[in-house]
Amino acid sequence: MMKKLKATFPAFVSIALLFGMPACKPKNAGNTVSSDAADKVYVAPGQYDKFYNFVSGGFSGQMSVYGLPSGRLLRVIPAFSVDPEKGWGYSEETKPMLNTSHGFVPWDDLHHVQVSKTNGEYDGRWVFGNANNTPRVARIDLKTFRTVEIIELPNSGGNHSSPFITENTEYVVAGTRFSVPPDDKNGDVPINTYKQNFKGTISFISVGKEDGKMDIAFQIQCPGFNFDLSRAGKGVSHGWFFFSCYNTEQANTLLEVNASQKDKDFIMAVNWKKAEEYLKAGKGRKQTVKYAHNIYSDITHSATSEIRTEVTVLDAKELKDICYFFPCPKSPHGCDVSPGGEYIVGSGKLAALIPVFSFEKIQKAIAAKDYIGEFEGIPILKYESVLYGEVQKPGLGPLHTEFDNKGNAYTSMFVSSEVVKWSLKDLTVLDRVPTYYSVGHLTVAGGDTKTPNGKYLVAYNKITKDRFLPTGPELSQSAQLYDISGDKMQLILDYPTIGEPHYAQIVPAELIKGNSVKFFKMEENKNPYFSNGEGTTKVVREGNKVHVNMTAIRSHLTPDNIEGIRMGDEVYFHITNLEQDWDVPHGFAIKGASNAELLIMPGETQTLKWNPDKVGIFPMYCTDFCSALHQEMSGYIRVSPAGSNVPLLFSTGKNYPASDSANKK
Amino acid sequence: MKKLFVVAAIGCLTMLTFSWGGCDSNTETPAPVDETKKSENGNPSYDPHRGEGKFTKVEVGASLDAAMAETGNKVFGVKCSSCHKLTEEKLVGPGWKGVTARHSPEWIMNFMTNTDAMIDKDPKVQAQLEICLVRMPNQNLTDADARALYEFQRKNDGVK
Ligand SMILES: [Cu+2]
């Protein structure tokens, strides 16, 4: 970290000198904040933020939700990693959500978020996230702010260029970051046979129009290199998708050097409408694979995981007119599409300029077969023929670009730690502001839609050294909010984030806030262990399995005294929260449990599995402060030795006479 | 008169939504005060006999509707019995014996369906809250379920 920073400062300062702009020494960060910044971000107690901000949690595996402009953290939604606080991945009902072809995987790395779109605008129904390690895509329902579906991707070695979506959420895409031998081939090959044996696969996941259900519609097999980011065409370019590719050198070792040899890599343009035609015409090859598809139901309050065994693969080499490459300098990262869909902005991490490509010119070049050659059978368009123009000397290390509603683009500059505003029309730099430090992604309110809102921009920084009170060697990463409504960008807020924030999106609160579910209706609860009122609670022994159908309501558990549990038993606490009111969850914990707590929403049923590990009395209690008598919301379980004949007894508010000899004198 | 108050309240709400302006008493039409309706806690707009909510007149038969009472019994088992006993004994909330004598049918129906607002305003509920120390939850009853529960409470109080 230190080393990186040291390299960053001089580079930044020299760039600043080069362009004759005032050098923003990070030490004087305070100076760059205008005096009205506080007014612009202050949301008074009891008032709402105007925007939801969905932020990737990076290596936390989760997605966070902030309010803007206040920067208040509203929620952390568990997606790919277990969350003991919410019982996610610990309750019996949620465990299947983290199932994969490798079995239960408790962690991942969530990089990018995408809110569902209709006609190129956010529709506020779902937000998608990608898992970068064990390749998957998750769908979060914005009625419940819960992960309701996770689909795994076969033939993939890490899912980075994902979960970008088409303008009507027809598809969510996933492109493998690491090429690997296809799953139906023997993968036991020398690593240095990368060029022969490794393939890059991109997946098109269809999304159900009404229910949002995901399904891998088809995959396209491409040459083996690294797919980095992607964006759907929109408006004029609807029907196309663009993927940035690096390591076209096809190196399999020391990529830092070996994948940075060429002065241009590629952006791949995919004609997905054409791919659909080939699929319909039966040109796909059915391939035997293994991947998990997990769905959570708000009716059964539980998840199911299914292992699927087939995908249809289209070969980009054989089906000539699906994929085209065009060169992009150098190791491109972002490839972002302008609001009208006319321009594709490539950001070469190692390039000193930003190339802007024209969709119209791409179409012309394809029609005229204006190729400079082929790469593994895929035509390469001529750079000059598809180029709209280059933004000269924008800064160092361009990564990502988003757009406002006035024809401007904003690009994050990792190496020179700044956001650069430039005009799409004449490609001139209009403004630049420092970020603290090493900005990765940025997001503009509505910045990837057809009509960006353009009020705010948030930069997500990888390094925050000296920005906050020190907290030992590890510092939180940060977000920085800029007001971009005027000619000059204005830094108005700094706030720490969870995990490592990558991409994020900013959505008007109106689209989402009215749809929030407040509680689950008991009448609709179809969990097999649902207790429909205290009268139906029970404890049932099936061999060494004991099922406890329990209820929670302010402020007692029913039953709260249970005897007759024995060593070697597997006890399942199926707890129904009987409340039917907003914001009254109950929690459940029992001493010595090796998993976590449960947090049970009103009207919901959740199950905690418990293996008693010694003979004696075990307290259990509600973990969520629910009323003035919350501290009373507790109970006891008696555990007897294996083979004991203490009868199964359960009750609340009664004291049965001692059921066995242990107490008799 | 009551209507007038409602109009003022809506106006006020609308203002809130559009301007975050706050609900200044000097910007709304003052509701005329009827001294006879003034409740014990001094809230002039609150009617402690009827409570507050959508029920203004509940039709109650001379004799029991046994089928309806049975439906009420079922809902009781699911949504109420964890806190209320059918005797005079307090569990979390007060025992239900005599509840139909303590309150008008409108008050009970309103309380069962508009719980939070009444806990904040009704002097009798506030007195109970001081004893129980638990806010009665809104159990999101349908109107039909609420009416069935009332019939069940009548049965519990001896109506044949
Ligand atoms: Cu509780």
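Among the residues that make up region A:594-612, is at least one of them among the aromatic types (F, W, Y), under 21 Å from A:M522 (Cα atoms) and more than 14 Å from every other protein chain (Cβ to nearest Cβ)? Give the derivation first.
Filtering region A:594-612 for residues among the aromatic types (F, W, Y) gives A:610.
Then keep just the ones that are under 21 Å from A:M522 (Cα atoms); that gives none.
No - not one qualifying residue is present in region A:594-612.
Summed over region A:382-419, residues that are touching a helix residue (DSSP H, G or I) at 6+ places or on another chain (Cβ under 7 Å), touching a residue at least 60 places away in the same chain (Cβ under 8 Å) and more than 30 Å from A:Y436 (Cβ to Cβ) total 1. So which residues in region A:576-593 are part of a loop (DSSP other than H, G, I, E, B) and either out of contact with any Asp or Glu (no Cβ under 8 Å at 6 or more places or on another chain) or within 14 Å of chain B (Cβ to nearest Cβ) (or both), if there are any at all? Of everything in region A:576-593, those that are part of a loop (DSSP other than H, G, I, E, B) and either out of contact with any Asp or Glu (no Cβ under 8 Å at 6 or more places or on another chain) or within 14 Å of chain B (Cβ to nearest Cβ) (or both) turn out to be A:L578, A:E579, A:Q580, A:D581, A:W582, A:D583, A:V584, A:P585, A:K591, A:A593.
Taking region A:613-633 as the range and being within 14 Å of another protein chain (Cβ to nearest Cβ), farther than 19 Å from A:Q580 by Cβ and among the polar types (S, T, N, Q) as the test, only A:Q631 passes. When A:G499 is tested against (1) at negative phi; (2) more than 14 Å from chain B (Cβ to nearest Cβ); (3) surrounded by 20 or more Cβ atoms within 10 Å (Cβ to Cβ), exactly one condition is not met: (1).
Is it true that B:T113 is within 26 Å of A:K521 (Cβ to Cβ) and without any contact (Cβ under 8 Å) to a residue 24 or more places away in the chain?
On the way: within 26 Å of A:K521 (Cβ to Cβ): yes; without any contact (Cβ under 8 Å) to a residue 24 or more places away in the chain: no.
In short, no.
Evaluation of A:A351 against the conditions (1) outside any strand (DSSP E or B); (2) touching a strand residue (DSSP E or B) at 6+ places or on another chain (Cβ under 6 Å); (3) farther than 27 Å from A:D321 by Cβ shows that the sole unmet condition is (2).
Within region A:509-522, restricting attention to residues that are more than 9 Å from chain B (Cβ to nearest Cβ) and outside any loop (DSSP other than H, G, I, E, B), the residue that is surrounded by the fewest Cβ atoms within 10 Å (Cβ to Cβ) is A:G514.
Among the criteria (1) buried (at least 20 other Cβ atoms within 10 Å of the Cβ); (2) within 14 Å of another protein chain (Cβ to nearest Cβ); (3) assigned to a loop (DSSP other than H, G, I, E, B), the one B:L86 does not fulfil is (1). Just wondering, is there one or more residues in region B:17-40 that are modelled with pLDDT of 90 or more and hydroxyl-bearing (S, T, Y)? No, every residue in region B:17-40 fails to be modelled with pLDDT of 90 or more and hydroxyl-bearing (S, T, Y). Among the residues of region A:576-612, those that are more than 14 Å from the ligand (Cβ to nearest atom), over 16 Å from A:S531 (Cα atoms) and touching a residue at least 24 places away in the same chain (Cβ under 8 Å) comprise A:W582, A:I590, A:K591, A:G592, A:N595, A:A596, A:K609, A:W610, A:N611, A:P612. Considering every residue within region A:544-554, establish whether at least one is more than 25 Å from A:R638 (Cβ to Cβ) and within 16 Å of the ligand (Cβ to nearest atom). Yes, region A:544-554 contains at least one residue that is more than 25 Å from A:R638 (Cβ to Cβ) and within 16 Å of the ligand (Cβ to nearest atom). If the condition is being small (G, A, S) and within 14 Å of chain A (Cβ to nearest Cβ), then region B:42-83 contributes B:G72, B:G77, B:S81, B:S82. When residues in region B:75-95 are screened for being under 17 Å from the mean Cα position of the chain (by Cα) and of a type in the set (G, A, S), 2 of them pass. Filtered by the rule that a residue be in contact (Cβ under 8 Å) with a residue 40 or more places away in the chain, in a helix (DSSP H, G or I) and within 14 Å of another protein chain (Cβ to nearest Cβ), region B:119-143 gives B:I131, B:C132.
Scanning region A:555-564 for residues that are away from the ligand (no atom under 16 Å from the Cβ) and either touching a Pro at 6+ places or on another chain (Cβ under 6 Å) or within 12 Å of another protein chain (Cβ to nearest Cβ) (or both) turns up just one, A:G564.
Identify all residues within region A:623-642 that are touching an Asp or Glu at 6+ places or on another chain (Cβ under 7 Å) and near the ligand (Cβ under 9 Å from one of its atoms); write none if there are none. Matches in region A:623-642: A:T623 only. Within region B:47-83, being under 21 Å from A:N577 (Cβ atoms) and buried (at least 19 other Cβ atoms within 10 Å of the Cβ) holds for B:V75, B:F76, B:V78, B:K79, B:C80, B:S81, B:S82, B:C83.
The values are calculated or read from the model by the stated rules, or taken from the named source; none is laboratory data. Bear in mind that the values here come from a model prediction, so they are computed numbers and not experimental data. Don't worry about glycine lacking a Cβ; one is built from the backbone with ideal geometry, like all the others, and counts go over all protein chains shown.
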